[in-house]
Amino acid sequence: MHSTSKVYVLRLKPHEDLKKAIMTFARENNIKAGIILTCVGSLEQFNIRYANQPNGSKSNGHFEIVSLVGTFSDSSSHIHISISDKTGKTLGGHLLDENLIYTTAEIAVAEITDVSFSRETDSTYGYKELVISPKKD
C-alpha cells in the first residue's frame with residue numbers, strides 16, 4: 001500500500017510538556033494518523049513507564065533526548081522515549097505526561113494523509129492496540 005504524507009517540524013521551549021505538546025499539535029492540525037520521525041533536545045524532568053510496569057517513574061535533572069518514536073492521532077498516542085543522563089547512562093520506555101523540556105525539543109512528525117489510526121482492545125493481552133483504517137473525509 002502506498003500512502004501520502006505531510007511533514008511538520010516543531011520546536012518546544014523550556015518547561016513545555018513533551019507529550020501534551022504533541023497531542024495538542026495533533027488536535028490543532030486534525031491529524032488522524034501521525035508518526036514521530038525524529039526528535040533531539042533535553043528534559044529537566046522525565047516521566048517514563050517501563051516495560052510491563054503499572055506506573056511511571058519520574059525524576060528531575062538534566063537529560064538528553066536520544067530517541068523519540070511512535071504513532072499518534074488527535075485522540076491517542078503510543079510513543080516511546082530514550083534519554084541519557086550526564087554519564088551517558090540511557091533508559092527508555094513509554095512516554096507519559098510530565099516530561100518537561102529543559103532547553104529545547106526539535107521534533108519532526110509526519111501526517112499520513114490517507115489513513116486514520118484508532119485504538120481497540122486486543123484480546124491477546126487486553127491492551128488497546130493500533131488499528132489502521134482508510135481515512136474518511
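Every number in this text was worked out from the coordinates using simple rules, so none of it is lab data. Note that the structure is a prediction, hence the values are computed from the model and not measured. Methodologically, a virtual Cβ is constructed for each residue, glycine included, from the backbone with ideal geometry; neighbour enumeration extends over all protein chains shown.
Between residue 98 and residue 84, 0.36 nm times their residue separation minus their Cα-Cα distance comes to what?
Details: separation 14, 0.36 × 14 = 5.04 nm, distance 1.70 nm.
Going from the current span to full extension adds 3.3 nm.
For residue 115, the residues whose amide H sits under 5 Å from its own are 135, ignoring neighbours fewer than 5 places away on the same chain, with H placed 1.01 Å from N.
With both labels modelled 7 Å from their Cα along Cα-to-Cβ, the residue 127 to residue 7 distance reads 2.9 nm.
Our summary of shape: the Cα atoms of segment 5-134 have principal axis extents of 45, 34, 19 Å, ordered from largest down, in whole angstrom. Across segment 127-134, rounded Karplus estimates of 3J(HN,Hα) from the backbone phi angles (6.51 cos²θ - 1.76 cosθ + 1.60, θ = phi - 60°) give 8, 6, 10, 5, 10, 10, 10, x Hz, Gly and Pro being marked x.
Under a 5 Å amide H cut-off, with hydrogens placed 1.01 Å from N, residue 67 pairs with 82 among residues at least 5 apart or on other chains.
Using Cα pairs closer than 8 Å and at least 6 residues apart in sequence, work out the relative contact order for the chain, in percent. Don't jump to the answer; show the numbers that get you there.
On the way: 345 pairs, mean separation 46.6, N = 137.
Computed over the chain, the figure is 34 percent.
Listed values for segment 67-77 are Karplus-derived 3J(HN,Hα) couplings in whole Hz (6.51 cos²θ - 1.76 cosθ + 1.60, θ = phi - 60°), namely 6, 9, 9, x, 10, 7, 9, 6, 10, 7, 8, and x replaces Gly and Pro. Remark on residue 96: its backbone amide H falls under 5 Å from those of 47, 49, a criterion applied only to residues 5 or more positions apart or on other chains, H modelled at 1.01 Å from N. Here the Karplus curve 6.51 cos²θ - 1.76 cosθ + 1.60, taken at θ = phi - 60°, turns the phi angles of segment 104-110 into couplings of 6, 9, 9, 10, 10, 10, 10 Hz, with x standing for Gly and Pro. In a fully extended conformation the segment linking residue 114 and residue 91 would gain 4.8 nm over its present Cα-Cα distance, using 0.36 nm per residue.
Excluding same-chain neighbours fewer than eight residues apart, the aspartates and glutamates reachable from residue 6 by a Cα-Cα span under 20 Å are 28, 74, 106, 111, 114, 137.
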